[in-house]
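K.L.:
Attaching a single structure in structure tokens format; questions to follow.
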Amino acid sequence: MNKKLITIGAIVAFVALLVMWSVSSYNSLVTMDESVSTSWGNVENQYQRRADLIPNLVNTVKGYAAHEKSTFQAVVEARSKATQMTIDADNLTPEKIAAYQKAQGEVGAALSRLLAITEAYPELKANQNFQELQAQLEGTENRISVERKRFNDTAKEFNTKIRKFPTNIVAGMFGFEKRPYFEAEEGANKAPEVKF
């Protein structure tokens, strides 16, 4: 009878440890999953900051370069398209991130064309409002880059955790799935050509 109690006690202790480990693993995965969602929100926040600055930049440049309507229109259209595209952090897929990245890339390209116009307008380049807006946009582009890297780092940490044994068992039981990454845009591996 004494051996039977010891065996039952050992089994109960093992089951209790297994349950405690499972709960701890699950809670850790939930925390990491939320970190990925938060990182995605930070990426979107920086893109929104850029979108909010664009109308001020366009209006400032319009005052000096009224005949550049096609460029202004391209910036406004790209901004509109990009701000209409949203992705739920819980439903991130490589395809959705690629589409989001493409829309944001169009905004960046349109902004580059807009900023290139300023070279023809020395008085605009000297305008304090324009200089401040340009500095804010440059800062925002840097923040976007930082937040995208943080998102990828957070997604990598989560993806690694759900693939490692024995946590992969808990991840599989509760449906935790791999999160996609931001990837370099097509052609990013080629250096831009600069002509004077």
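The values are calculated or read from the model by the stated rules, or taken from the named source; none is laboratory data. What you see is a predicted model, and the numbers here were worked out from it, not measured in a lab. All Cβ positions, glycine included, derive from the backbone under ideal geometry; neighbour counts span all protein chains shown. Please note that ligands, DNA and RNA were not included when accessible areas were found on the heavy atoms of the full protein model with its side chains. Shrake-Rupley method; radii C 1.70, N 1.55, O 1.52, S 1.80 Å.
K.L.:
Quick one: V170 ticks every box in (1) out of contact with any Leu (no Cβ under 8 Å at 6 or more places or on another chain); (2) assigned to a helix (DSSP H, G or I); (3) at pLDDT 90 or above; (4) not basic (K, R) bar one, so which box is it?
P.N.:
That leaves (1) as the condition not met.
K.L.:
Going through N142, N152 one at a time, which residue ends up being open to solvent by 80 Å² or more (accessible area, probe 1.4 Å), of a type in the set (S, T, N, Q) and closer than 25 Å to S35 by Cβ?
P.N.:
Numbers: N152 fails: open to solvent by 80 Å² or more (accessible area, probe 1.4 Å).
Matching residue, one of N142, N152: N142.
K.L.:
Here is a further query. Within the range 101-128, can you find the residues that are outside any helix (DSSP H, G or I) and of a type in the set (G, A, S)?
P.N.:
From the range 101-128, those outside any helix (DSSP H, G or I) are 121, 126-127; that's our starting set.
Passing the criteria: only A126.
K.L.:
Related question: From the list Y26, Y64, which one is aromatic (F, W, Y), assigned to a helix (DSSP H, G or I), surrounded by fewer than 19 Cβ atoms within 10 Å (Cβ to Cβ) and touching a residue at least 60 places away in the same chain (Cβ under 8 Å)? Can you show your working first?
P.N.:
On the way: Y64 fails: assigned to a helix (DSSP H, G or I).
Testing whether each residue is aromatic (F, W, Y), assigned to a helix (DSSP H, G or I), surrounded by fewer than 19 Cβ atoms within 10 Å (Cβ to Cβ) and touching a residue at least 60 places away in the same chain (Cβ under 8 Å) leaves just Y26.
K.L.:
Quick check on this structure: which one of E132, E157 is open to solvent by 70 Å² or more (accessible area, probe 1.4 Å), assigned to a helix (DSSP H, G or I) and more than 20 Å from T31 (Cβ to Cβ)? Spell out the reasoning first.
P.N.:
On the way: E157 fails: more than 20 Å from T31 (Cβ to Cβ).
Of the residues listed, the single one that is open to solvent by 70 Å² or more (accessible area, probe 1.4 Å), assigned to a helix (DSSP H, G or I) and more than 20 Å from T31 (Cβ to Cβ) is E132.
K.L.:
Does T86 fit the bill of being out of contact with any His (no Cβ under 7 Å at 6 or more places or on another chain), within 29 Å of K161 (Cβ to Cβ), open to solvent by 70 Å² or more (accessible area, probe 1.4 Å) and not in a helix (DSSP H, G or I)?
P.N.:
Numbers: out of contact with any His (no Cβ under 7 Å at 6 or more places or on another chain): yes; within 29 Å of K161 (Cβ to Cβ): yes; open to solvent by 70 Å² or more (accessible area, probe 1.4 Å): yes; not in a helix (DSSP H, G or I): yes.
The answer is yes for T86.
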